[in-house]
Structure formats: C-alpha cells, structure tokens
Amino acid sequence: MPFSVEFNPPRDAAAEARLWRAAREFERLHPAFVSMTYGAGGSTRDRTVRVTGQLAQETTLLTVAHLTAVDHSIAELRSIVGAYADAGIRNLLVLRGDPPGDPLGDWVQHPEGVEYAEELVRMVRELGDFHVGVASFPQGHPRSTDLDQDTAHLVAKLRAGAEYSITQMFFDPEHYLRLRDRVAKIDPVAGAKPIIPELMPITSLRTVERAVELSGRELPESVLQRLRLAAGDGPEENRAAVRAAGIEIATEMAQRLIDEGAPCLHFITLNFAKTTSEVLANLGYTVSATPAHA
C-alpha cells in the first residue's frame, strides 16, 4: 500500500531544521509523494516556495506543492506556478483555500482572482504540463449546503482536469467510503480517479480537538471516548496514553481503508516522522529509520 505525507511550511529557522530532519527520515521510508501546504493568504509564500523547491531538488522525495486562491490575483497565481516550475515542481494540489484568520469565516474572492478551485485547476492545466490534484471532503465542505452539492463541486474539479483528490482528515472510514460511492454514482469516469484518504494520528487530545474545530466537524463519540479514557481525569492529560490510543485508532482506520481498496494513505505529520512511522510499522511496513521525536 503506497503512503504519502503532508508537511507544513516552516515559520522560522528552527522549524525549518525540524522539517528537514523529518524529510530525511521519510526518505528512508520511500513515500509515494510528500506535499507542502500553503500558508493562509500566502502568509508563508516566499519561504514555502523556497523550501518546497529545495525538497524537490535536494531529496529523492516526489514533492507536491499546494496552491491556494486566497488573496491572490490571477497574475500572482501564475507567478507562483512559474516559481514552482522553475524549481522543477510539476505536481500541484490546487485549493480554493481558507480565509486567513478564520478558516470558517466568509470566503471573499480577490477582485482579480478566481472564485472556485475548478477555475484554478483549468488555469494550471493551461500553463503547462502539470499534474494536478484537488481537495475532497468526506463530510462535506463547511460552506456546502449538503453532501450532494459538495460532491458535485468535487466532480466538477475532476472534470476540469484534476487527476486525483486528497480528502480532508476524518475519523470514520464510512465517511470516506460514502464519498467514493457518491462520486462514482454521479460520474463513473471521475469516480475512477484516485480519492486519497487523509489521516492524522492523534498525539494530543487538545491538538485534535482544535484541528477538528477548525475544520467545522466533530470527532465521532466513539473516538472521543477512547481518547478521554486515555487522557484520564487529572488536571493534565496523560499524553503518553493519549498518544498510544491515537496511534491505535489511526492504525485501525488505515487497515480498514486498505481493506476497502483505498489507493494510498496520506498522513498529516506536523513535520515529525515518528508517529507516522509507528503507524506504518503497525501496518507491516519495514521502518529502517530512527524516527525523530513527535
């Protein structure tokens, strides 16, 4: 089973060094690709483009760069795509993106930009020979009125030229499986394109609660109960027990997705290698690296 990992753009030199340690560890594990997110509103634009280019040029990792439409004109978006191309990056994950400051706030189109990710997909495909992926939402995008509308948006992006999608994180495999069914029902051609599930191994109850809050979703009650039981009743959560439970939950989800034919597993790493490496080891991957601490 192929796997891939997601990095976040480093905000300072120390964070950049940590990212590179994780990248070197993952090189030994041979992921199908690594992706680099893009700061809201381009807040980390220059560093993101530079580091993403370095990953592509200085490692053996196939690097996918995120590209978001937030607060960018079409001219700026073309310039960013050109900068990625100059760095040898031909793989882009195209997203409309979240509003800076409040991911669940109102989305405002740049007066000289694009409104939907579908438009951005078409723009990138017109600029050259790029491989393009998009986002998908197993529980629906927070701004969609219902799952049918959300699925129709995904199909439109795939029809526009996207070759695959990576989901928003989720904690119930059924959400992923139903998304896959909905896409195939609307358009069998689009449904044949890979939908890659995104997993976040939980290492802290507070961290995952914050991540879920930002996504506009809730943790399944069964998952929340397992984490709270591990956290204990004291003033401070039992981090080691929560982490162990989180890895167990991620392993169970990953195995279910493998059994159901998911094409790849995409892990949110927060720029650490250890947690993802442990999940992979539980799934039977040979881990030759000495993982960095997470």
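Taking the stretch 227-263 as the region of interest, how many residues are open to solvent by 10 Å² or more (accessible area, probe 1.4 Å) and in contact with a strand residue (DSSP E or B) (Cβ under 8 Å, 6 or more places away or on another chain)?
Going through the stretch 227-263 one residue at a time, the tally reaches 3.
Right, Glu112: within 30 Å of Ala75 (Cβ to Cβ), at pLDDT below 95 and open to solvent by 40 Å² or more (accessible area, probe 1.4 Å) or not?
yes
Give the residue that is surrounded by the most Cβ atoms within 10 Å (Cβ to Cβ), with candidates limited to residues of the stretch 264-281 that are hydroxyl-bearing (Ser, Thr, Tyr) and assigned to a helix (DSSP H, G or I).
Restricting to residues being hydroxyl-bearing (Ser, Thr, Tyr) and assigned to a helix (DSSP H, G or I), the top hit is Thr276.
Testing Tyr164 on (1) aromatic (Phe, Trp, Tyr); (2) within 18 Å of Arg182 (Cα to Cα); (3) modelled with pLDDT under 95, one condition comes back false. Which one is that?
Looking at each condition in turn, Tyr164 falls short on (3).
To keep it simple, each residue is scored yes or no on (1) under 30 Å from Ser277 (Cα atoms); (2) within 16 Å of the chain's Cα centre (by Cα).
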| residue | (1), (2) |
| --- | --- |
| Ala135 | yes, yes |
| Leu158 | no, no |
| Tyr164 | yes, yes |
| Asp172 | yes, no |
| Leu199 | yes, yes |
| Thr203 | yes, no |
| Arg206 | yes, no |
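Any idea which residue in the stretch 155-205 is farthest from Leu127 (Cα to Cα), counting only those that are out of contact with any Pro (no Cβ under 9 Å at 6 or more places or on another chain) and of a type in the set (Val, Ile, Thr)?
Once the filter is applied, the top-ranked residue is Thr203.
Glu163 versus (1) surrounded by fewer than 18 Cβ atoms within 10 Å (Cβ to Cβ); (2) under 22 Å from Val223 (Cα atoms): which is the lone unmet condition?
With (1) surrounded by fewer than 18 Cβ atoms within 10 Å (Cβ to Cβ); (2) under 22 Å from Val223 (Cα atoms) applied to Glu163, the lone miss is (2).
Of the residues in the stretch 236-289, how many are of a type in the set (A, V, I, L, M, F, W, C) and under 19 Å from the mean Cα position of the chain (by Cα)?
Result for the stretch 236-289: 17.
Would you mind finding the one in Leu77, Leu29, Leu92 that is crowded, with 17+ Cβ neighbours inside 10 Å, modelled with pLDDT of 85 or more and more than 24 Å from Ser136 (Cβ to Cβ)?
Leu29
Need the failing condition index for Ala69 against (1) open to solvent by less than 20 Å² (accessible area, probe 1.4 Å); (2) closer than 22 Å to Gly128 by Cβ; (3) modelled with pLDDT of 90 or more, just the number.
All conditions are met except number (3).
Scan the stretch 160-183 and report the pairs whose first residue is free of Cβ contacts under 8 Å to residues at least 24 places away in the same chain and whose second residue is open to solvent by 10 Å² or more (accessible area, probe 1.4 Å) and part of a helix (DSSP H, G or I), with Cβ atoms within less than 9 Å and a gap of 6+ or a chain change.
Arg180/Gly191; Asp181/Gly191
Run down Leu147, Leu224 and say which single residue is closer than 22 Å to Thr269 by Cα, at pLDDT below 95 and either of a type outside the set (Asp, Glu) or open to solvent by less than 40 Å² (accessible area, probe 1.4 Å) (or both).
Going through Leu147, Leu224 in turn, just one is closer than 22 Å to Thr269 by Cα, at pLDDT below 95 and either of a type outside the set (Asp, Glu) or open to solvent by less than 40 Å² (accessible area, probe 1.4 Å) (or both): Leu224.
If we scan the stretch 185-208, do we find a residue that is modelled with pLDDT under 95, open to solvent by 40 Å² or more (accessible area, probe 1.4 Å) and either touching a helix residue (DSSP H, G or I) at 6+ places or on another chain (Cβ under 7 Å) or not hydroxyl-bearing (Ser, Thr, Tyr) (or both)?
Yes, the stretch 185-208 contains at least one residue that is modelled with pLDDT under 95, open to solvent by 40 Å² or more (accessible area, probe 1.4 Å) and either touching a helix residue (DSSP H, G or I) at 6+ places or on another chain (Cβ under 7 Å) or not hydroxyl-bearing (Ser, Thr, Tyr) (or both).
The rows are residues; the columns are (1) out of contact with any strand residue (DSSP E or B) (no Cβ under 9 Å at 6 or more places or on another chain); (2) closer than 17 Å to Leu257 by Cα; (3) outside any helix (DSSP H, G or I).
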| residue | (1), (2), (3) |
| --- | --- |
| Lys193 | no, yes, yes |
| Pro201 | no, yes, yes |
| Thr207 | yes, no, no |
| Glu218 | yes, no, yes |
| Ser222 | yes, no, no |
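Quick one: which residue in His141, His175, His131, His153 is touching a Ser or Thr at 6+ places or on another chain (Cβ under 9 Å), farther than 15 Å from Ile249 by Cβ and open to solvent by 10 Å² or more (accessible area, probe 1.4 Å)?
His153
The values are calculated or read from the model by the stated rules, or taken from the named source; none is laboratory data. Every value quoted in this text rests on a predicted model; they were computed, and no experiment measured them. Positions of Cβ are backbone-derived with ideal geometry, glycine not excepted, and every protein chain shown enters the neighbour counts. For the accessible areas, the whole protein counts, side chains as well, though only heavy atoms, and no ligand, DNA or RNA atoms are used. Shrake-Rupley method; radii C 1.70, N 1.55, O 1.52, S 1.80 Å.
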